[in-house]
Structure formats: C-alpha cells, structure tokens
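Okay, structure first, notes after.
The values are calculated or read from the model by the stated rules, or taken from the named source; none is laboratory data. Computed from a prediction, not measured in an experiment: that's the story for all the values here. Cβ atoms come from the backbone with ideal geometry, glycine included; neighbour counts cover every protein chain shown. Each accessible area value is taken on the protein alone, full model and side chains, heavy atoms only, with ligands, DNA and RNA left out. Shrake-Rupley method; radii C 1.70, N 1.55, O 1.52, S 1.80 Å.
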Amino acid sequence: MKVELIQLEEDRIRFLLSGATAAFANGLRRACMSEVPTLAIDEISLYDNTSVLFDEQIGLRIGMIPLQVEDLDLFSEPEECQCGGEGCPGCRVDFMLSVEGPGMVYSRDLQFTDPGVKPAFDKIPIVILGEGEKLVIEGYATKHAGREHSKWQSGTLCGYKNLPTIEIGDCSGCGKCVEVCPRKVLVLEDGRAKATNILECSLCKLCIEECDAGAIKVVPVLDSFVLSIETSGCMPVKELVARASDGIRKRAETLDRKLAELS
Ligand code: SF4
Ligand code: SF4
Ligand SMILES: [Zn+2]
C-alpha cells in the first residue's frame, strides 16, 4: 500500500491511496467520520432565555459548535471513566454562557472552566439578542465519537473516488468534450483533446457521451483512490487521519488476537 500527498491544509487533506481495496478506503473514510472521538457540549441548563429562539434551538446550535482541546487524551469517555460515568474532571468540562443584548451571541462567549478547551471558531453565531434580552446557560462537554451523534463527528466532509485514467484515441478536435467537462480536465492542444489535471476528474463520463467519434475512454483504477478528508475544526486534519488509522490498526490487532484464541 502506498500513500501520496496531493494537498494539505490545516483542516483538509487530499491524498492518493494505491494498492488498497475499496473496503479499506471506505473504512478509513468511515473511521475519520465516526470513530475519532472529540469533545462536544452534551448537557445544558438554561437559566434565562428571553431570545427569539426556543430553548431546544439554542441547545441544538450550542451542541454543534466544534471544540478544540489542548490534550484530548487527558479526557476519557464517560462510560470508560474511573467515575463510572457519574461525571468528573476526567470526563467532563463545564462551561458558562451569560450574555445580555443588544448584540449577537457568538461561540466565543462560551467560557469553559478548563483553559485548554475552547470553540474551534470564535464567530459561530448562536442568536441575536435584542435590547434587554438575556441568555444564561450552564452545562458541560463530554468526549464521544461521531457514531454516537454528529456533534462528536471529528471528520465532516470525508469521501473517496477511484483514481481515473483517461485515454484519447482518434480525435477530430471538435472540442465538444472540453466544453462539457464540468471539472475542466480536458483541453484542446494541437488540434486534439488532451487530459490535464486527471485527479480532478469525477468519472462522470459526460465527455464519453458527447464524443461522436467514440475516442474517449475513462476507466477507474480499481486499487487506487483519491481520499478527501476535512475536519470540523476540532483538530488538525493530520491528527484526525493519524487517529483514524491508529484506531483501524488497533481494531485489526484485537481481531487477530481473538481469532488466534479461537484457533
Ligand atoms: S469530443 Fe471526441 S473528437 Fe471531439 S475533441 Fe473530444 S475526444 Fe476529440
Ligand atoms: S469523466 Fe467527467 S470529469 Fe472526467 S474528463 Fe470526462 S467529463 Fe471531465
Ligand atoms: Zn469521570
């Protein structure tokens, strides 16, 4: 198996995975979305809400704010914590929100008791308060994975496609395929079509339908995949992919061990 980096930013990565099965590529995608735990606001007590939004709407908005943690490994999931899920500093981070209008309440107004925890983005709007309107909330965040609820989803936009190959045979240079390609993969050069940035090809095959000469072949490479992974902002994308891969390795080792016990 081989991995080649195509693009890396703080919150998104694209890489080419070769010599792998579709099941493995999909497993990595799913692990990024569902298996990498993070913190999210879990329970709230609303002491005052005179805003235009119902309590439930406020709760939903606050729950979906991604949180960054200085050291995620310091926290346990409540079910695995030494407190037995009762709630303690090892599995809970308390917060307070107290704002009076007029003005917009933003994610940055959430004040966590642990200085190592903060919203991933300062300016996620929660609600606009009018003159004299108030929002006073207390609550806590817990650590879970996306399989529990999407608010704990560390990886948001995670997808993959087969690496395409494009062959152009007897081309008349009519340019129809260039016009129809939504990804601008094809260009006309020296009177014939040519594929340029192949990684952008979505394998939609519109070019094949458009080519009266039947000159284009678009074929997926069955053991090579372009993976695109994006985080919610709760952790750098490199950490997300590393944690997801590590989780797969550990589960595979557990399976191996259990199979060995059975044989
Ligand atoms: S549509 Fe076919 S013939 Fe026309 S430029 Fe494209 S490949 Fe060549
Ligand atoms: S398959 Fe679609 S994206 Fe790929 S080259 Fe053809 S038209 Fe463009
Ligand atoms: Zn605990």
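I need the helices (runs of 4 or more DSSP H) fully contained in the range 144-263, keeping only those with at least 3 residues that are more than 14 Å from ligand 2 (Cβ to nearest atom).
The qualifying helices (runs of 4 or more DSSP H) are 237-262.
Look at the range 55-105 and say how many of its residues are touching a residue at least 24 places away in the same chain (Cβ under 8 Å) and at positive phi.
Qualifying residue count, the range 55-105: 2.
Name the residue, out of Leu46, Leu39, that is buried (at least 19 other Cβ atoms within 10 Å of the Cβ) and part of a strand (DSSP E or B).
It is Leu39.
Does at least one position in the range 144-165 carry a residue that is within 16 Å of ligand 3 (Cβ to nearest atom), open to solvent by less than 60 Å² (accessible area, probe 1.4 Å) and either farther than 30 Å from Pro66 by Cβ or not assigned by TED's automatic domain parsing to the domain that holds Gly19 (or both)?
Within the range 144-165 (the criterion being within 16 Å of ligand 3 (Cβ to nearest atom), open to solvent by less than 60 Å² (accessible area, probe 1.4 Å) and either farther than 30 Å from Pro66 by Cβ or not assigned by TED's automatic domain parsing to the domain that holds Gly19 (or both)), the answer is yes, since at least one residue qualifies.
What tally of residues in the range 190-244 results from selecting those that are open to solvent by 50 Å² or more (accessible area, probe 1.4 Å), away from ligand 1 (no atom under 12 Å from the Cβ) and among the charged types (D, E, K, R)?
6
Exactly one condition in (1) open to solvent by 80 Å² or more (accessible area, probe 1.4 Å); (2) among the hydroxyl-bearing types (Ser, Thr, Tyr); (3) farther than 30 Å from Arg192 by Cα is not met by Ser172; state its number.
Single failed check for Ser172: (3).
Please specify each residue of the range 204-261 satisfying the condition of being closer than 30 Å to Cys171 by Cβ and charged (D, E, K, R).
Within the range 204-261, Lys205, Glu209, Glu210, Asp212, Lys217, Asp223 meet the criteria.
Restricting the search to the range 82-111, which residues are surrounded by fewer than 19 Cβ atoms within 10 Å (Cβ to Cβ) and assigned to a loop (DSSP other than H, G, I, E, B)?
Within the range 82-111, Gln82, Cys83, Gly84, Gly85, Glu86, Gly87, Cys88, Pro89, Gly90, Gly101, Pro102 qualify.
Which of the residues belonging to the range 49-66 are of a type in the set (A, V, I, L, M, F, W, C), loosely packed, with under 15 Cβ neighbours inside 10 Å and more than 30 Å from Val241 (Cβ to Cβ)?
Val52, Phe54
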